[in-house]
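Enquirer: Sharing a structure, written as structure tokens. Questions coming.
Read-outs throughout are calculated quantities, based only on the coordinates presented, and are distinct from any laboratory measurement. Bear in mind that the values here come from a model prediction, so they are computed numbers and not experimental data. Here the Cβ positions follow ideal geometry from the backbone for every residue, glycine too, while neighbour counts run over all protein chains shown.
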Amino acid sequence: MSLLTTTDELAAVCERFSRHPFVTVDTEFLRETTFWPKVCVIQIASPDEAVAIDALADAIDLTPFFELMANTGVVKVFHAARQDLEIIWRLARLIPAPLFDTQVAAMVCGFGEQASYLELVKAITRANLDKSSRFTDWSRRPLSAAQIDYAIADVTHLRDIYQTLRARLERSDRLHWLVDEMETLTSPATYEQHPENAWERLRHRARKPRDLAVLMELAAWREAEAQSRDVPRSRVLKDDVLIEVAQSAPKNAEALANLRSFPKGMERSRAGAEILAAVERGLARDPAAMPRIERERRGSNGATVELLKVLLRQVTEQTGVAAKMIATVEDLEAIASDDRADVPALKGWRRTIFGEKALELKRGRLALAVENGKVVTFDWHDAEAEPAPASVLADGKDAEAEASTSG
């Protein structure tokens with residue numbers, strides 16, 4: 001058990017850790033009752049040492065830890081880094097770099113989508129973790145020996161996971177495939193919480209431009225309110241209530257009070273007045289200037305998208321790379337509409353393993369078939385010279401007709 005509670009202890013550890021090529025990092029935090037995460041414990045490990053930092057200790061200043069995170073000579077290894085990085089950005093306005101996220105790396109190494117830390121520990125180290133402290137209250141003091149051991153275990157096994165995954169990526173020449181994902185994780189824009197952008201989380205709930213205009217103002221108000229009070233968004237107003245207000249667009253307190261889900265009495269409060277003011281601002285917006293409301297895509301591209309999904313599954317099985325890393329449904333829809341779509345799936349390594357095949361499928365030069373229970377691809381012109389594998393799904397030329405007659 002090693003718990004640091006003073007700045008001098010932390011500075012000495014961080015100085016030793018700075019001599020190593022990498023450190024592993026994790027945090028324990030609370031967020032159930034706040035908007036901003038409250039960090040309670042920080043765990044860090046070098047190849048030969050591991051400690052936990054009591055971030056709530058009165059006698060500790062986290063500056064040495066932040067300096068280690070800013071040291072570009074040391075790789076910082078996290079698992080599912082986003083929330084940990086948000087905490088560091090919030091506290092110190094810095095993003096650890098260089099960065100390695102083992103969850104992202106695992107998606108490239110054949111461990112499926114969003115492999116958990118527990119799954120990777122079992123698969124790579126064969127160890128069994130004690131998860132008895134998983135739902136502990138990390139803000140309560142003193143911390144028990146079991147809690148500290150549990151926290152430190154989250155960075156000790158991470159060392160082996162990192163070294164194993166990195167070695168696999170280097171052997172397969174895929175290490176550079178992580179660049180795009182690391183750039184997103186290390187961008188401050190990823191962690192900025194701008195109220196004016198809060199509507200994007202709810203954009204698919206809007207039925208028409210007027211609803212979206214009002215929703216944009218309401219979401220911005222709620223975001224600013226939640227941030228200023230440091231409470232979860234739902235403590236201010238739940239999503240369903242926000243949507244109902246946006247769709248109903250009440251113009252006075254009485255109309256607001258008549259909404260089925262609106263909290264009783266809130267219409268007479270300061271918040272009620274601000275909500276009505278937000279509705280008024282939304283109604284004053286030009287509906288024609290609103291972002292386009294995306295609807296479910298139907299019609300001529302539907303069959304092509306379905307075929308591209310099958311192709312994506314085949315590529316995933318063949319390469320071991322998680323589908324999420326290669327292309328999203330939005331990417332497939334864009335490719336179905338435009339051969340030159342500006343999407344990641346048509347760039348870099350993704351284009352090499354999937355994008356080119358997707359375009360060949362669209363152009364009728366690639367076919368999909370089932371052979372021995374698995375989807376396979378073959379050049380369509382080759383099929384004219386010899387029998388095709390069993391259960392040919394479709395070729396690019398007849399994809400629409402094939403899909404439309406298959407039920």
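Enquirer: Could you give the nm distance between label points at residue 189 and residue 356, where each point is 7 Å from its Cα heading toward the beta carbon?
Expert: Distance between the two pseudo-spin positions: 3.0 nm.
Enquirer: For the pair residue 167 and residue 122, what calculated FRET efficiency results from E = 1/(1 + (r/R0)^6), where r is the Cβ-Cβ distance and R0 = 25 Å, to the nearest 0.05?
Expert: Efficiency, from the Cβ-Cβ distance: 0.85.
Enquirer: List the GluC sites (Glu not before Pro) within region 1-107 that fall in a DSSP loop (any state other than H, G, I, E or B) and whose Cβ has at most 10 other Cβ atoms within 10 Å.
Expert: Those satisfying the criteria are 32.
Enquirer: For residue 370, project a label point 7 Å along Cα to C-beta. Then give me every residue of region 314-330 with its amide nitrogen under 16 Å of that point.
Expert: Within reach of a label on residue 370: 314.
Enquirer: Between residue 113 and residue 259, what's the calculated FRET efficiency when r is the beta-carbon distance and R0 is 35 Å? Round to 0.05.
Expert: 0.35
Enquirer: So, one more: Could you compute the net charge surrounding residue 110? Neighbours are other residues with a C-beta less than 14 Å from the C-beta of residue 110; K and R count +1, D and E count -1.
Expert: Within the 14 Å Cβ shell, the charges total +1.
Enquirer: Right, here's the next one. Label point 7 Å out from residue 228 along Cα-to-Cβ: which residues of region 187-203 have amide N under 20 Å?
Expert: Of the residues in region 187-203, 193-199 have backbone N under 20 Å from the label point off residue 228.
Enquirer: Under a cut-off of 18 Å between alpha-carbon atoms, report the lysines in cross-link reach of residue 238, not counting same-chain residues fewer than 8 places apart.
Expert: Partners within reach: 264.
Enquirer: Continuing with this model, one more query. Between region 117-194 and region 319-345, how many Å separate their Cα centres?
Expert: Each part's Cα centre sits 28 Å from the other's.
Enquirer: Another question about this same structure. Need the list of lysines near residue 347 for cross-linking: C-alpha distance under 29 angstrom, and skip anything on the same chain fewer than eight residues off.
Expert: Within the straight-line cut-off, residue 347 pairs with 76, 309, 324, 357, 362, 374, 397.
Enquirer: Which helices of the chain meet both criteria: a Cα extent of 20 Å or more along the helical axis and a mean Kyte-Doolittle score no lower than 1.6, with helices taken as whole DSSP H segments?
Expert: For the chain, where a helix must reach 20 Å along its axis and average at least 1.6, there are no hits.
Enquirer: Can I ask one more? Calculate for the chain the 222 nm mean residue ellipticity that helices alone would give, adding -39,500 (n - 2.57) per DSSP H run of length 4 or more and normalising by residue count, nearest 500 deg cm²/dmol.
Expert: Here the helix-only value at 222 nm equals -13000 deg cm²/dmol.
Enquirer: If you place +1 on the Cβ of every Lys and Arg, -1 on the Cβ of every Asp and Glu, and leave all else neutral, what size is the dipole of region 195-289 about its Cα centre, to the nearest 20 Debye?
Expert: For region 195-289, the charge dipole is close to 220 debye.
Enquirer: Follow-up question, since we're still on this one. How much length is gained if the chain between residue 240 and residue 180 is pulled fully straight, taking 0.36 nm per residue apart and subtracting their Cα-Cα distance, in nm to one decimal?
Expert: Separation in residues times 0.36 nm, less the Cα-Cα distance, equals 18.1 nm.
Enquirer: Rounded, prolate or oblate: pick one for the chain, where a ≥ b ≥ c are the square roots of the eigenvalues of its C-alpha gyration tensor, a/c under 1.5 means rounded, and failing that, prolate if a/b is larger than b/c, else oblate.
Expert: oblate
Enquirer: With charges set only on the Cβ (+1 for Lys and Arg, -1 for Asp and Glu), what does the dipole of the chain come to about its Cα centre, in debye to the nearest 20?
Expert: The calculated dipole for the chain is roughly 980 debye.
Enquirer: Round to the nearest 0.05 the FRET efficiency obtained for residue 197 and residue 137 when R0 = 22 Å and r is the Cβ-Cβ distance.
Expert: 0.10
Enquirer: If I model a spin label as a point 7 Å beyond the Cα along the Cα-Cβ vector, how far apart are those points for residue 293 and residue 129 in nm?
Expert: Distance between the two pseudo-spin positions: 4.3 nm.
Enquirer: Which one of 167, 133, 109 is farthest out on the positive end of the charge dipole of region 91-184, using unit charges on Cβ (Lys, Arg +1; Asp, Glu -1) and the Cα centre as origin?
Expert: Checking the options against the dipole of region 91-184, the answer is 133.
Enquirer: Scan around residue 366 for amide H atoms under 5 Å from its own, H built in the peptide plane at 1.01 Å from N, and keep only partners 5 or more places away or cross-chain.
Expert: Those lying under 5 Å, H to H, from residue 366 are 361, 380, 396.
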